[in-house]
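*Asks:* Got a structure for you, written out below as C-alpha cells; questions coming shortly.
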Amino acid sequence: MISVLRRGDARAVADTAARIIAEQVRARPQTVLGLATGQTQELVYARLVALHAAGEVSFGKAAFFSLDEYLGLAADHPASFNAFLHRHFYDRVDADPARIDQLDGAAIDRETEAARYEGAIAAAGGIDLQLLGIGTNGHIAFNEPMSDFRSRTRIVALEPATVERNSAFFGAGERVPSHALTMGIGTILDSGAALLIAVGKDKANALRATIEGPIDPCCPASALRLHPRVTVVCDEDAASLLTKP
Ligand code: GLP
C-alpha cells in the first residue's frame, strides 16, 4: 500500500522525509536504514544532519546499507555512492563506522560481493526503513525497466539516460560507469517500510506510472504497490500528473 504526502517544494519534501526517518530512529535506535543517493536526497540528508545537530536524533546505534554502487569505482572515488553518503551524511552525524555497510564496486568477484551483501542484510535482521529515489524511467536503486520483481542484489547495465543524468557527479570528460551493483527489487520489497522521495516535473511521468499505472516491470517502482508499507513524499511538480488527490 502506498500513501502519498504532497508538499509545496523540495525543502518541505526533505523536511517531511527527514522527520519520518528521525522518528523511526528515535522509536528504535538500532534501526537498520537502507540509504539512497542522488540529487533529490541531498536536501534530505541536510535536514537529517540539522536534526542531529539540534540534538533531536542520534544515529549512534543505527545500522546502514546503501542501495547501490557503480561498478569499477573504488569506495574513495568522489563520485562513488559510498563517498556521497559519507560526504552528505555519515561523516556529519554520529554514525558508527562499524555499522555502515556498502557494496564494494571495485570487488574482483562481484557475484560473491552481491551474495555477501544479501547475507549481511539478513544477518542485521533486514532493513527496517528503506529510503528511495526514482529515476525518470521509473527505476528504483539501479533496477532499470524490465528488472525482475524478485531480483536480488546483482550486477546491472545502466540505461544511457541514467548514465547521462548521473554524469553530473563526475568530472568533465570523466567516464561514467555503464554498470553497477544494486539491491534487487525483491531485496527492496523485503524491507519493513519504504520511503520514496520524488521532486520536480521530470519525475511526474514516473510517479504517475508508479502510483496509477499497471504494476509492471516497465515501471520498476510500480513494484512498490506490492509492498505493505510505502510512503511517497513528493512536491507539487512531481505530483502534477496524478489524477487522484
Ligand atoms: C540514481 C540512483 C537512484 C536514485 C535515482 C534518482 O541513479 N541509483 O537510487 O534514486 O538515480 O536520482 P536523482 O535524485 O538524482 O534524480
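The values are calculated or read from the model by the stated rules, or taken from the named source; none is laboratory data. Note that the structure is a prediction, hence the values are computed from the model and not measured. Note that we place each Cβ from the backbone using ideal geometry, even for glycine, and neighbour counts take in every protein chain shown. These area figures cover heavy atoms from the full protein model, side chains too; ligands, DNA and RNA do not enter into them. Shrake-Rupley method; radii C 1.70, N 1.55, O 1.52, S 1.80 Å.
*Asks:* Mind checking which residues of segment 3-21 are under 18 Å from the mean Cα position of the chain (by Cα) and either among the hydrophobic types (A, V, I, L, M, F, W, C) or surrounded by 16 or more Cβ atoms within 10 Å (Cβ to Cβ) (or both)?
*Replies:* Of everything in segment 3-21, those that are under 18 Å from the mean Cα position of the chain (by Cα) and either among the hydrophobic types (A, V, I, L, M, F, W, C) or surrounded by 16 or more Cβ atoms within 10 Å (Cβ to Cβ) (or both) turn out to be V4, L5, A10, V13, A14, D15, T16, A17, A18, R19, I20, I21.
*Asks:* Going by what's in this entry, would L71 be described as touching a Gly at 6+ places or on another chain (Cβ under 7 Å) and more than 10 Å from the ligand (Cβ to nearest atom)?
*Replies:* yes
The rows are residues; the columns are (1) closer than 23 Å to G105 by Cα; (2) part of a strand (DSSP E or B); (3) of a type in the set (A, V, I, L, M, F, W, C).
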| site | (1), (2), (3) |
| --- | --- |
| V163 | yes, no, yes |
| G171 | yes, no, no |
| E174 | yes, no, no |
| T187 | yes, no, no |
| K203 | no, no, no |
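*Asks:* Right, something else. Restricting attention to segment 213-235, which residues are closer than 13 Å to I188 by Cβ and either in contact with a His (Cβ under 9 Å, 6 or more places away or on another chain) or open to solvent by less than 10 Å² (accessible area, probe 1.4 Å) (or both)?
*Replies:* Listed by number, the residues that qualify are P220, A221, S222, A223, L224, H227, V230.
*Asks:* Quick check on segment 141-161: of everything there that is in a loop (DSSP other than H, G, I, E, B) and among the charged types (D, E, K, R), which residue is farthest from A223 (Cα to Cα)?
*Replies:* The extreme case among them is E159.
*Asks:* Among the candidates V32, V25, V44, which residue alone is at pLDDT 95 or above, of a type in the set (A, V, I, L, M) and either within 24 Å of T162 (Cα to Cα) or open to solvent by 20 Å² or more (accessible area, probe 1.4 Å) (or both)?
*Replies:* One residue alone meets the criteria, V44.
*Asks:* In this structure, is I121 farther than 16 Å from T37 by Cα, away from the ligand (no atom under 16 Å from the Cβ), open to solvent by less than 20 Å² (accessible area, probe 1.4 Å) and modelled with pLDDT of 95 or more?
*Replies:* For I121, the condition - farther than 16 Å from T37 by Cα, away from the ligand (no atom under 16 Å from the Cβ), open to solvent by less than 20 Å² (accessible area, probe 1.4 Å) and modelled with pLDDT of 95 or more - is met.
*Asks:* Looking for whichever is open to solvent by 70 Å² or more (accessible area, probe 1.4 Å), β-branched (V, I, T) and either without any contact (Cβ under 8 Å) to a residue 60 or more places away in the chain or near the ligand (Cβ under 9 Å from one of its atoms) (or both) here; the options are T153, T112, T182. Which one fits?
*Replies:* T112
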